[in-house]
Structures are given as structure tokens and as C-alpha cells.
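The values are calculated or read from the model by the stated rules, or taken from the named source; none is laboratory data. Please read these numbers as outputs of a predicted model, since none were measured by experiment. Note that we place each Cβ from the backbone using ideal geometry, even for glycine, and neighbour counts take in every protein chain shown. To get the accessible areas, we keep the full protein, side chains included, count just its heavy atoms, and leave off ligands, DNA and RNA. Shrake-Rupley method; radii C 1.70, N 1.55, O 1.52, S 1.80 Å.
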Number of protein chains: 2
Amino acid sequence: MRQMAERDRVWSSERRPKGSVLLVQGDTSSSVFVLESGLVKLCYETSDGDEWVKSFIPDVGLFGSRWPLSTSQENRFSARCLEWSQIATLPADWVRSKIAADSQLQATVARFSEWIYRRKQSREETLLCETAERRYLSFLTNNASLAKRLSQADIARYLGVTPIAFSRIKERVRQKNLT
Amino acid sequence: MRQMAERDRVWSSERRPKGSVLLVQGDTSSSVFVLESGLVKLCYETSDGDEWVKSFIPDVGLFGSRWPLSTSQENRFSARCLEWSQIATLPADWVRSKIAADSQLQATVARFSEWIYRRKQSREETLLCETAERRYLSFLTNNASLAKRLSQADIARYLGVTPIAFSRIKERVRQKNLT
DNA sequence: GCCTCTTCTAAACCTGGGTTCATTCTCCAC
DNA sequence: GTGGAGAATGAACCCAGGTTTAGAAGAGGC
């Protein structure tokens with residue numbers, strides 16, 4: 001029961017509408033978010049008003065603007081709901097202290113860190129080595145169901161091109177598949 | 001003294017010439033490398049023979065093809081010396097067991113993981129959001145001394161363009177600075 | 001010194017993607 | 001149903017970067 005009391009005191013799980021903003025790039029607020037259902041995008045906003053999608057988090061996931069151990073800085077990216085989403089918000093300090101006190105949790109965090117590191121590395125590789133068309137094709141094969149839930153503009157900004165260029169790429173691929 | 005004996009048994013620190021290969025993408029060998037002096041590049045090799053530079057490690061650093069905890073897979077990238085380098089090679093299994101047995105070491109690894117994760121994130125951001133010219137300029141300001149030790153081709157492949165395009169970018173920047 | 005190998009730059013041409021403006025499509029609200 | 005707003009596509013134009021080939025400039029080796 002004391003467990004439940006603490007859960008209620010520090011957590012707050014809310015249902016948030018499509019479009020609601022969870023993190024704003026440049027802010028110094030510090031929370032860890034647990035996505036329980038829905039769809040969230042993490043994105044960078046450039047000084048000239050463009051937006052580029054860092055990653056999508058579908059269905060369930062864990063994200064925050066900074067890493068648990070990291071010294072306080074400003075958020076490097078923004079986060080916003082792309083669908084109605086159920087999201088729990090945890091204070092970063094509280095999470096940090098929980099992790100510090102629990103060696104088993106530390107091991108879990110280490111595994112999670114490694115998983116996410118490998119994903120980042122693979123993203124780096126595709127952005128550095130592959131053309132937009134190839135990135136599109138592998139995104140489709142690896143994330144077929146996710147792609148259906150996303151707007152063309154969001155997919156485009158994830159691939160690193162404008163929505164118009166993305167439309168052309170799709171047309172090109174369509175032509176190739178006909179022959 | 002027992003410490004020293006083990007060090008001699010499992011480590012091997014060697015002086016390696018420019019051009020020598022430390023890691024080959026696709027291999028399954030598993031080592032952790034400690035760069036004590038010199039300069040190393042980590043790079044991806046694509047199926048059509050192109051090479052793209054993942055990162056440079058100047059002077060001192062730590063790298064391996066996979067992460068200590070990771071399950072055995074093949075190397076995702078290659079590594080090669082760009083200058084004469086002094087490099088210690090440690091068996092990944094041995095490193096892994098050392099870390100598992102030492103909670104203080106675990107904390108150090110966690111900090112290192114976070115540091116490297118933040119670097120990856122910042123690289124992702126530049127590759128996704130910035131033009132090659134902007135990437136060149138910020139690389140210059142942040143790595144002025146390193147840039148002098150690198151060939152144009154290696155810088156170009158790090159920025160994500162061909163050496164020829166890089167030469168044009170430099171020319172463009174030169175023109176702008178004159179006015 | 002000279003010769004060779006490598007690196008870097010130059011020029012010409014082509015393609016992919018950005019930009020702008022206009023048009024179609026689709027989904028809702030009413 | 002109709003009207004309207006946002007999303008997606010189409011067309012025209014420009015520029016950055018890839019490709020190829022050639023030439024200039026360094027860096028060793030002798």
C-alpha cells in the first residue's frame with residue numbers, strides 16, 4: 001500500500017490528445033516519460049523553422065530529453081503526440097535516485113542504454129551512407145505498420161527530405177515496380 | 001605483482017603503422033581497443049565500395065566494434081590507423097567479466113556510455129538537420145587541430161560528401177570570406 | 001636534383017532534392 | 001449533401017552534390 005501511495009504521489013499518467021506537446025527543445029524542464037499507448041514523435045527544430053524527426057515511439061516506450069545521469073542542460077529536442085496517447089510523467093530526479101539505489105535496475109538501464117545506442121548507431125549509418133530512396137525502402141520494410149499511421153510529411157522529415165521530395169521518391173519507386 | 005602478471009597475460013599494447021587495420025566490418029572477432037597515442041578512424045563500408053567515416057579517435061580513446069554487454073554479432077564498422085599509433089588490445093570477454101565484477105567500474109562504464117550516446121545524438125542531429133557546408137564549418141571550429149591531421153578525403157567522407165564536393169564547398173566558403 | 005605516387009583541384013555534365021505556386025484529394029463539420 | 005481546411009501531388013525552376021576525366025600540386029624515394 002505504501003508503494004501505491006508513492007506511485008500516486010510522484011507519477012501522473014494522463015491521456016493526451018493528438019498534437020499535445022510533451023517536450024520543448026531548449027527548455028530545462030526534466031522529466032522521464034513512459035508511453036503506455038499511442039504514438040509520439042521526437043524532433044529537432046532548426047533556427048530557420050524547419051523540423052526534422054529524430055524518431056517515432058509507437059505504442060509503448062520510454063523517453064526523456066536527457067539521460068538519467070546527465071547533468072542539467074537544456075532539452076536537445078521536442079516531443080509531441082501524433083495520436084491520442086496515454087503517458088506517465090516521472091520526475092527525472094526521482095528516477096535517478098531510484099536507479100542509484102537499485103543495482104538490478106542499474107543493470108536494466110545499462111541494457112536499455114545499449115539497445116538505444118545500437119539504434120542510434122544504425123540511424124547514423126543510414127543517414128551517412130544511404131540515399132533517401134534506400135532509407136525510404138528500408139523504413140517501409142522494417143516499419144510497415146508504423147508507416148501507415150504516419151503522415152507523408154512526418155515520414156519525409158524522418159528520412160531527411162522535404163515532403164515534396166518524398167512524394168517524388170515514392171513516384172520513382174512506383175515506376176520501378178511497374179517495370 | 002599478480003596484477004602486473006595478469007596485465008601482461010591478457011593485454012598487448014603495440015605500435016602500429018599508418019594504414020594498419022584494427023577492425024574489419026563483418027568480422028566476428030571481438031576486442032576492445034585502447035588508443036594510447038596516434039589517430040584512428042572508424043568507418044562504414046558500403047556494398048558498392050564506398051567508405052563513410054563514422055568517427056575519428058585522436059590521441060587517446062577507447063573503442064570496440066560492439067558494446068561490452070552486447071551479444072555476439074558481426075562488427076558494424078571497420079577501424080584503421082591514420083598515423084603511427086600505440087594501441088592496447090583487450091579481449092572483450094575479459095573486459096566484460098572485469099566490469100561485471102566491479103560496481104565502481106560499472107558506474108564508469110555508465111558515464112562513458114552516456115557521454116558517447118550524447119555524441120551520437122549530436123552527430124545524428126547534424127547529419128539530419130544541417131547542410132554539408134554548415135557541417136564543415138562547425139567541424140572546423142570544434143576540431144581545428146584535428147582537421148590539420150586529416151586528409152581532405154577523410155574529412156569529406158566524415159561530412160557525408162565526396163572529396164570533390166568537399167573541395168567545392170571549401171572554395172565556396174573561401175569566396176564568401178573574401179567579401 | 002629528378003621521377004613517381006598520391007592528393008587535391010578544375011571543368012563539364014547529370015541527377016536528386018529544395019522552393020514556389022497551383023491543383024487535386026480527403027477528411028470532417030455542418 | 002456542401003464547404004472548407006489540411007494533406008498530398010504536379011510542374012517549373014534552381015542549386016548542391018555525384019561522376020568522370022583531366023590537370024596541378026605535394027610528398028617521398030633515389
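Within the stretch A:132-158, can you find the residues that are within 23 Å of residue B:121 (Cβ to Cβ), of a type in the set (Val, Ile, Thr) and either assigned by TED's automatic domain parsing to the domain that holds residue A:84 or more than 14 Å from DNA strand C (Cβ to nearest atom) (or both)?
Answer for the stretch A:132-158, where residues must be within 23 Å of residue B:121 (Cβ to Cβ), of a type in the set (Val, Ile, Thr) and either assigned by TED's automatic domain parsing to the domain that holds residue A:84 or more than 14 Å from DNA strand C (Cβ to nearest atom) (or both): there is none.
Suppose we filter the stretch A:150-179 for residues that are open to solvent by 50 Å² or more (accessible area, probe 1.4 Å) and either within 18 Å of residue A:52 (Cα to Cα) or touching a strand residue (DSSP E or B) at 6+ places or on another chain (Cβ under 6 Å) (or both); how many remain?
5
I need a count of the residues in the stretch A:132-164 that are more than 17 Å from the chain's Cα centre (by Cα) and either in contact (Cβ under 8 Å) with a residue 40 or more places away in the chain or facing chain B (nearest Cβ under 9 Å) (or both).
Residues flagged as more than 17 Å from the chain's Cα centre (by Cα) and either in contact (Cβ under 8 Å) with a residue 40 or more places away in the chain or facing chain B (nearest Cβ under 9 Å) (or both) within the stretch A:132-164 amount to 1.
For the stretch B:103-126, what are the residues that are modelled with pLDDT of 95 or more and away from DNA strand D (no atom under 14 Å from the Cβ)?
Correct list: B:123, B:124, B:125.
Answer with yes or no whether residue A:86 is part of a strand (DSSP E or B) and open to solvent by less than 70 Å² (accessible area, probe 1.4 Å).
Yes, satisfied.
Just a yes or no: is a residue in the stretch B:127-148 within 25 Å of residue A:47 (Cα to Cα), at pLDDT below 90 and loosely packed, with under 13 Cβ neighbours inside 10 Å?
Scanning the stretch B:127-148 turns up no residue that is within 25 Å of residue A:47 (Cα to Cα), at pLDDT below 90 and loosely packed, with under 13 Cβ neighbours inside 10 Å.
Among A:43, A:129, which is out of contact with any helix residue (DSSP H, G or I) (no Cβ under 6 Å at 6 or more places or on another chain), facing chain B (nearest Cβ under 8 Å) and not β-branched (Val, Ile, Thr)?
A:129
Give me a count of the residues in the stretch B:18-70 that are assigned to a loop (DSSP other than H, G, I, E, B), free of Cβ contacts under 8 Å to residues at least 40 places away in the same chain, farther than 28 Å from residue A:106 by Cβ and touching a Leu at 6+ places or on another chain (Cβ under 9 Å).
Total meeting the criteria: 1.
Got at least one residue in the stretch A:59-67 being within 13 Å of another protein chain (Cβ to nearest Cβ), in contact with a Gly (Cβ under 7 Å, 6 or more places away or on another chain) and of a type outside the set (Asp, Glu)?
Checked the stretch A:59-67: no residue is within 13 Å of another protein chain (Cβ to nearest Cβ), in contact with a Gly (Cβ under 7 Å, 6 or more places away or on another chain) and of a type outside the set (Asp, Glu).
For the stretch A:121-179, give me the residue count where each residue is part of a helix (DSSP H, G or I) and β-branched (Val, Ile, Thr).
Residues that pass the stated criteria total 6.
Would you check which residues across the stretch B:93-105 are more than 9 Å from chain A (Cβ to nearest Cβ), in a helix (DSSP H, G or I) and free of Cβ contacts under 8 Å to residues at least 60 places away in the same chain and list them?
Start the filter on the stretch B:93-105 by keeping residues that are more than 9 Å from chain A (Cβ to nearest Cβ), which leaves B:93-102, B:104-105.
Then drop every residue that is not in a helix (DSSP H, G or I), which leaves B:93-101, B:104-105.
Listed by number, the residues that qualify are B:96, B:97, B:98, B:99, B:100, B:101, B:104, B:105.
Within the bounds of the stretch B:106-121, is there any residue that is open to solvent by less than 50 Å² (accessible area, probe 1.4 Å), in contact with a Cys (Cβ under 8 Å, 6 or more places away or on another chain) and facing chain A (nearest Cβ under 10 Å)?
Scanning the stretch B:106-121 turns up no residue that is open to solvent by less than 50 Å² (accessible area, probe 1.4 Å), in contact with a Cys (Cβ under 8 Å, 6 or more places away or on another chain) and facing chain A (nearest Cβ under 10 Å).
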